[in-house]
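**Q** Dumping the structure here so I can ask a few things about it.
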Amino acid sequence: MLRGPKKPELAKAYDASQVEDGIYARWEKSGYFDPDKLPGGKKKKPFTIVLPPPNATGALHVGHATMLALQDLMIRYKRMRGFAALWLPGTDHASIATQTRVEKNIQEQEKKSRHDLGRTEFLRRVDEFVEKSRDRIRNQIRKMGSSIDWSREAYTLDAPRSEAVIEIFNRMYEDGLVYRGERVVNWCVRCTSTLADDEVEYKEQKAKLYFLKYGPFSVATTRPETKLGDTAVAANPSDERYKKWIGKSFELDWGKGTKPLTIRVIGDHEVDANFGSGLVGVTPAHSAVDFRMAEKNKLSVIKVIGEDGRMLETAGKYKGMTVLEARHAFVKDLEAQGLIEKVEELTNNLSACYRCATAIEPLTSLQWFVDVNKKIPGRGKSLKELSLDAVRKGGVKIIPERFEKVYYHWMENLRDWCVSRQIWFGHRIPAWYCPDRHVTVARTVPKVCGAKGCGSKRLTQDSDTFDTWFSSGTWTFTTLGWPKKTPDLKRFHPTDVLETGYDILFFWVARMILMTTYVMKQVPFKTVYLHGLVRDEQGRKMSKSLGNVLDPLDVIPKYGTDAVRLSLVLGTAPGADAKVWDEKIAGYRNFTNKLWNVSRFILTSVSKVRRESKKPTPKTLADRWILARLEAVTAQASAHIEKYEFSPAGELLRDFSWTELADWYLEIAKIQMQDTKLKASTEKVLLHVLENVLKLWHPYMPFVTEAIWDLLAGNAKGKKFLMIESWPRVVTPAEAGAQRSRDFDLIREVIGAIRNVRSEYKVEPAKRVDATLIAGTKAKLLKENSDVIRTLARIETLTIVAKGEKPKDAASAMVGGIEACLPLAGMVDPAKEKARLEKEKANLEGFVKSLEAKLGNRGYTDNAPKGIVDKTRAMLAEKREELKKIVAALAVT
RNA sequence: GGACGCUUAGCUCAACGGUAGAGCAUCUGCUUUACACGCAGAGGGUUCAAGGUUCGAAUCCUUGAGCGUCCACCA
């Protein structure tokens, strides 16, 4: 890395791949990612973000890259603003996802199942796999430039987190918030495990609706085989057809090889009288809705499908068949008996496991549940109420706000949470059973059964593990040391921002609020910032099967991390899906290069490379303008960032850096530096603006800014990383407003108008022409800036007058009440020029007319704010003046 | 069935009640010693539709259309 010689020889194009890794290594070595190691870090106000732990299943995708870019942006911004910024990394063991993945690998490579390997060996393999992917994930996080505190890295399945999970479950048990019960759960036959309600996905499918002769009735069903487990038939109580039947029972016989069923007729408002025959066969063991009806009506429950997805003893002759086999066989038998009245086609939703897409089988099972409605002893509120309060009372603010409604709706309708999973990989449930089926929940392995008077020492631990979200729901506080009362916990919790994708609002965000309000009596975070999904150029979700997945590690070498980060942050809004594609990233790569070249110009043109931190005294209009713009942009960008408006802030900075600084001020600086009287002050302005621009950009593009900083401040005494420099001083809006001036804009417009005329008349770019500016009251201003106008508009002799007439054979243009005339002798075609002026005249006339109409309207002058009306009046005066000049110009053409 | 979001230049997005903007793409010129990953200039929009509120609507209200997402779920 170049260390800022006095006149640095810098590469023409910025090559990110040459500098990024080196800079990251130096940052990491410095220790400043750890807020305690920042200068004065212990005394600074904390700002905390915990990294949503990526699943330990493999590689990070571009969605993760977005998350890293946004969080690093916030962390770097806050660090520069004087906070002890803590960004805490980790990984999630993601029990089902990881186990599924490893099972698949082993199946493919060794043709073995996890049962072939046994629990111990299988878990060893999973750990091995996790270790490997964790390394890859860590590398990717580094590649993105994340200023994350590796010394505090955590894992949802490591010892401290295990201890915490056991402690929480015990407390919940003591508070009566967890119970073990036989209830209908979502069962994945492939995973042989339960799933939470929100882990079930729905896919539309075409299905057959069978109308069965059902005792005295007709009942429609898409799942005939479950009818072997019916214990009731339900009708809407207001349905006249069936009213008289409610409360009565009848025998139902499905034929040889099945057990006859006793069916009670019940009334339930959930039944839609207009669907099918208006009757529902109630199968309590295999439908959550039916189970609720069974509870209300005290029906018996007959389970006919087992955990392996095969029919049970209760299904009689169909025992041992898979669900689909049983369906076919049963339908065939029913047909033979003439029990099928008709079959209709219909589209319905098939529920499937969100991890392996296997069809979900609802069935009753003995599981652990968290009761979300029970009042917590001593708190007077349920988990659900606490979670709702956290957002309702403003403790947690969700961005964008509309997701608060989504959150309420979900939380209000939350049912008891099934937390036990028949998965090997995860936190083992700390519950033990004796042969008499007494339950003992404990913090450490118990020696005797906890049930009164039992005394059994033959205890076996529950073989199940916890839902992965049960442990990741504790992420904000367990990563900071809970249940120990650590200084970190005291200092950094609640955390400040949780930044994540809206797709895990329920899975994770809601669960964190639930777990944290219960355990900590605190919110987990004050603000939730939700980013959208990243889609491809055509707006499609990225997926492996479509082959449109953008791997950050593929594009970083090509365009550099800074460009990738910009492309993920700019042009996006919270909660809205964003598109990324190659050309977009390339565009930001170009900007990275632009910033590099702006710096290269400044660093190689000044007499001495140095920091110029104090605001220099401006000597020219351009100086005043660029310094005022810098202050305004600093204020506006900071305000946007404070409001989590990262894209508008970035757009503002981009426009300032490229258009205002590079295209205008740098060009003028070249002119000013020719003038010995202005050279020193111009250098100061250049260095000052550069220093601040680097700071402003640093949270967005840390690498290129740090690389340039190295060149700028490399020789300075006590040189620090840009990363820990302080943010530019933010002036108040009033201060910034006071410095606003339209004068420079006018100069720009005049130059633009002349360039336009030149281009229209195809004047060779290098050729210098003469020009006359008829400037009225602005003559003095233009004269003061005649050097700038002459050079940038390529004028040979520039004449500026207050009053005058357009020379003959000249082309002219109007701008801000000024007439710019270019006597292009021999080049101006009078007819063409006349046509051009006529067109401009017509335009102006139309505009003047509309302004006159506006001002002639009392409704407008009376009701519109005075400032607006005054502006219109001024505009009218200016346009009338221009119109007069056009008319005069036409006269001489 | 319920809720939400989007619809503005060819594409990606800004403008949040006062003459519609930017980047990319397109076209025309430029080896102007920071940058061709560049510079200068240009063209391109009944702001999805129809009503309404207002002196004034891309912006607020109503209705509708198209696209998308989430939740619930039908037996």
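**Q** Highest mean first, what order results for A:169-175, A:707-713, A:372-378 on Cβ atoms within 10 Å? Walk me through the intermediate numbers first.
**A** Numbers: A:169-175: 17.7, A:707-713: 23.3, A:372-378: 13.7.
Ranking, from highest mean packing down: A:707-713, A:169-175, A:372-378.
**Q** Here is a follow-up. Could you look at region A:1-124 and say what percent of its accessible area is carbon and sulfur, using a 1.4 Å probe and all protein chains?
**A** Numbers: 2730 of 5310 Å².
Result for region A:1-124: 51 percent of the exposed heavy-atom area is carbon or sulfur.
**Q** Filter the cross-link list A:783/A:839; A:397/A:643; A:259/A:319; A:614/A:719 down to pairs whose alpha-carbon distance in this structure exceeds 19 Å. Intermediate results must be reported in sequence, preceding the final value.
**A** Values: A:783/A:839 30 Å; A:397/A:643 12 Å; A:259/A:319 12 Å; A:614/A:719 16 Å.
The answer is A:783/A:839.
**Q** Relative contact order of chain A: what whole-number percent is it, with Cα pairs under 8 angstrom and at least 6 residues apart? Intermediate values should be presented prior to the final figure.
**A** Numbers: 1537 pairs, mean separation 111.2, N = 893.
Averaging sequence separation for qualifying contacts and normalising by length gives 12 percent for chain A.
**Q** If contacts are Cα pairs under 8 angstrom and at least 6 residues apart, what is the relative contact order of region A:649-719 in percent? List each step's numbers first, then the result.
**A** Details: 24 pairs, mean separation 16.2, N = 71.
With pairs under 8 Å counted, the relative contact order is 23 percent.
**Q** For residue A:842 and residue A:138 in one chain, what is 0.36 nm times their gap in residues minus the Cα-Cα distance, to one decimal in nm?
**A** Working: separation 704, 0.36 × 704 = 253.44 nm, distance 6.51 nm.
Gain on stretching residue A:842 to residue A:138: 246.9 nm.
**Q** Work out how far the C-alpha atoms of region A:49-117 reach from end to end along every principal axis, then list the three figures in whole Å, largest first.
**A** That gives 56, 20, 13 Å along the principal axes, largest extent first.
**Q** Could I ask something else about it? Whenever you get a sec, compute what percent of the accessible area on region A:566-626 sits on carbon and sulfur atoms (1.4 Å probe). Numbers along the way, then the final one.
**A** Details: 1310 of 2520 Å².
Carbon and sulfur atoms account for 52 percent of the accessible area of region A:566-626.
**Q** Can I ask one more? Let me spell out the model: positive unit charges on the Cβ of Lys and Arg, negative unit charges on the Cβ of Asp and Glu, origin at the Cα centre of region A:385-476. What dipole size does that give, in debye rounded to 20? Walk me through the intermediate numbers first.
**A** Working: 14 positive and 10 negative charges, 77 e Å.
Roughly 360 debye for region A:385-476.
**Q** While we're looking at this one, here's another question. Hey, for a label at residue A:651 modelled as a point 7 Å past Cα toward Cβ, could you say which residues of region A:564-599 have their backbone N under 13 Å away?
**A** Only A:570-574 fall inside the zone, counting backbone N under 13 Å.
**Q** Another one. Order of A:103-111, A:348-356 by packing, highest average Cβ count within 10 Å first?
**A** Put in order of decreasing packing, that is A:348-356, A:103-111.
**Q** Give me the 1.4 Å probe accessible area per residue for chain A, excluding ligands and nucleic acids, in Å². Write down the numbers at each step before the final one.
**A** Values: 39580 Å² over 893 residues.
About 44 Å² of surface per residue is accessible.
**Q** Dimensions of region A:779-893 along principal axes (Cα, Å, largest first)?
**A** 52, 35, 21
**Q** On average, how much area does the Cα convex hull of chain A cover when viewed from any direction, in nm²?
**A** On the way: hull surface 204.3 nm².
Here the figure is 51.1 nm², rounded to one decimal.
**Q** A further question follows. Between residue A:890 and residue A:546, what is 0.36 nm times their sequence separation minus the Cα-Cα distance? Round to one decimal in nm. Show your work: numbers first, answer last.
**A** Working: separation 344, 0.36 × 344 = 123.84 nm, distance 6.32 nm.
Fully extending the segment from residue A:890 to residue A:546 adds 117.5 nm.
**Q** Let me ask something else. I want to make sure I understand the PRE zone here: with the label point 7 angstrom from the Cα of residue A:249 toward its beta carbon, which residues in region A:213-234 have backbone N atoms less than 13 Å away?
**A** Within reach of a label on residue A:249, which here means backbone N under 13 Å from a point 7 Å along Cα→Cβ, region A:213-234 contributes A:231-233.
**Q** Would you compute, from DSSP H runs of 4+ residues alone, the mean residue ellipticity of chain A at 222 nm, taking -39500 (n - 2.57) per run and dividing by the full residue count, rounded to the nearest 500?
**A** My calculation for chain A gives -13500 deg cm²/dmol from helical runs alone.
**Q** Additional query: Region A:865-893 to region A:232-302: how many Å between their Cα centroids?
**A** Each part reduced to its Cα centre gives a spacing of 83 Å.
**Q** Additional query: Return one quarter of the surface area of the convex hull spanned by the alpha-carbon atoms of region A:677-815, equal to its mean projected area, in nm². Kindly include the intermediate steps, with their values, before the conclusion.
**A** Values: hull surface 50.4 nm².
Averaged projected area of region A:677-815's Cα convex hull equals 12.6 nm².
**Q** Given a Förster distance of 56 angstrom, what is the FRET efficiency for residue A:392 paired with residue A:127, based on the Cβ-Cβ distance and rounded to 0.05?
**A** After rounding, the FRET efficiency stands at 0.85.
**Q** Quick one: work out the % antiparallel among DSSP beta bridges in chain A, nearest 5. Walk me through the numbers on the way to the answer.
**A** Values: 63 of 92 bridges.
Here the antiparallel bridges make up roughly 70 percent for chain A.
**Q** Please work out the ratio of the alpha-carbon Rg of region A:212-282 to 2.2 N^0.38 Å and round it to two decimals. Each step should come with its number before you reach the end.
**A** On the way: Rg = 11.5 Å, N = 71, 2.2 N^0.38 = 11.1 Å.
Ratio of Rg to 2.2 N^0.38 Å for region A:212-282: 1.04.
**Q** Starting from the Cα of residue A:356, step 7 Å along the direction of its Cβ; do the same at residue A:777; then give the gap between the two resulting points in nm.
**A** Going from the residue A:356 label point to the residue A:777 one covers 8.1 nm.
**Q** Pop out the carbon and sulfur fraction of the accessible area of region A:261-317 as a percent, whole number, probe 1.4 Å. Intermediate values should be presented prior to the final figure.
**A** On the way: 1330 of 2590 Å².
Exposed carbon and sulfur together represent 51 percent of the surface.
**Q** Same structure, new question: Rounded, prolate or oblate: which fits region A:483-544, taking a ≥ b ≥ c as square roots of the Cα gyration tensor eigenvalues, rounded meaning a/c under 1.5, else prolate when a/b beats b/c? Intermediate results must be reported in sequence, preceding the final value.
**A** Numbers: a/c = 3.35, a/b = 2.65, b/c = 1.26.
It is prolate, given that a/c is not under 1.5 and a/b is the larger ratio.
**Q** I'd like the per residue volume of the convex hull spanned by the Cα atoms of region A:477-581, given in cubic angstrom. Mind dumping the intermediate values first?
**A** Values: hull volume 14.9 nm³, N = 105.
Considering the Cα atoms of region A:477-581, their hull volume per residue is 142 Å³.
**Q** Set the Förster radius R0 to 56 Å, insert the Cβ-Cβ distance between residue A:113 and residue A:716 as r into 1/(1 + (r/R0)^6), and round the FRET efficiency to 0.05. Mind showing how you got there, number by number?
**A** Working: r = 64 Å, r/R0 = 1.14.
In this case the efficiency is close to 0.30.
**Q** On to the next question. Working out 0.36 nm times the residue gap between residue A:222 and residue A:159, then minus their Cα-Cα distance, what length gain in nm do you get to one decimal?
**A** On the way: separation 63, 0.36 × 63 = 22.68 nm, distance 4.75 nm.
Gain in length upon complete extension: 17.9 nm.
**Q** Another question, then. Give, rounded to the nearest 20 debye, the magnitude of the charge dipole that region A:627-701 has about its Cα centre when Lys and Arg contribute +1 at Cβ and Asp and Glu contribute -1 at Cβ. Display every interim value, and only then the final one.
**A** On the way: 8 positive and 11 negative charges, 50 e Å.
Here the size comes out at about 240 debye.
**Q** So for region A:206-328: antiparallel DSSP bridges make up what percent, rounded to the nearest 5? The partial results should precede the final answer.
**A** Numbers: 15 of 19 bridges.
Here the share of antiparallel DSSP bridges comes out near 80 percent.
**Q** Going by average Cβ density within 10 Å per residue, which order do the peptides A:179-192, A:20-33 take, highest to lowest?
**A** Working: A:179-192: 19.4, A:20-33: 16.6.
Going by the mean number of other Cβ atoms within 10 Å, highest first, we get A:179-192, A:20-33.
**Q** Using a Debye calculation, one point per C-alpha and no hydration shell, please list log10 I(q)/I(0) for region A:107-182 at q = 0.16, 0.18, 0.22, 0.23 Å⁻¹ in order.
**A** With one equal scatterer per Cα and no solvent, log10 I(q)/I(0) is -0.90, -0.95, -1.02, -1.04.
**Q** Now a separate question. Can you give the FRET efficiency to the nearest 0.05 for residue A:25 and residue A:770, using r as the Cβ-Cβ distance and R₀ = 51 Å? The partial results should precede the final answer.
**A** On the way: r = 59 Å, r/R0 = 1.15.
Efficiency at R0 = 51 Å is approximately 0.30.
**Q** With N set to the number of residues, divide the alpha-carbon radius of gyration of region A:376-507 by 2.2 N^0.38 Å and report two decimals.
**A** Details: Rg = 18.8 Å, N = 132, 2.2 N^0.38 = 14.1 Å.
Computed over Cα atoms of region A:376-507, the ratio equals 1.34.
**Q** What aspartates and glutamates does residue A:457 reach when the alpha-carbon gap must be under 14 Å and sequence neighbours fewer than 8 apart in one chain are set aside?
**A** Of all the aspartates and glutamates, those that pass the test against residue A:457 - Cα under 14 Å, at least 8 places apart if same chain - are A:436.
**Q** Number of Lys pairs in region A:460-604 with C-alpha atoms less than 24 angstrom apart, excluding same-chain neighbours closer than eight positions?
**A** Eligible lysine pairs with Cα atoms under 24 Å apart amount to 17.
**Q** Right, something else. Exceeding 22 Å between C-alpha atoms, which entries from my cross-link table qualify? They are A:679/A:720; A:695/A:720; A:854/A:879; A:670/A:803; A:29/A:720; A:143/A:717. Display every interim value, and only then the final one.
**A** Numbers: A:679/A:720 28 Å; A:695/A:720 13 Å; A:854/A:879 14 Å; A:670/A:803 32 Å; A:29/A:720 14 Å; A:143/A:717 30 Å.
Violating the 22 Å Cα-Cα cut-off are A:679/A:720; A:670/A:803; A:143/A:717.
The values are calculated or read from the model by the stated rules, or taken from the named source; none is laboratory data. Note that the structure is a prediction, hence the values are computed from the model and not measured. Because the Cβ atoms are built from the backbone with ideal geometry, glycine has one as well, and the counts that use them run over all protein chains shown. Surface accessibility is based on the protein's heavy atoms, side chains included, excluding ligands, DNA and RNA. Shrake-Rupley method; radii C 1.70, N 1.55, O 1.52, S 1.80 Å.
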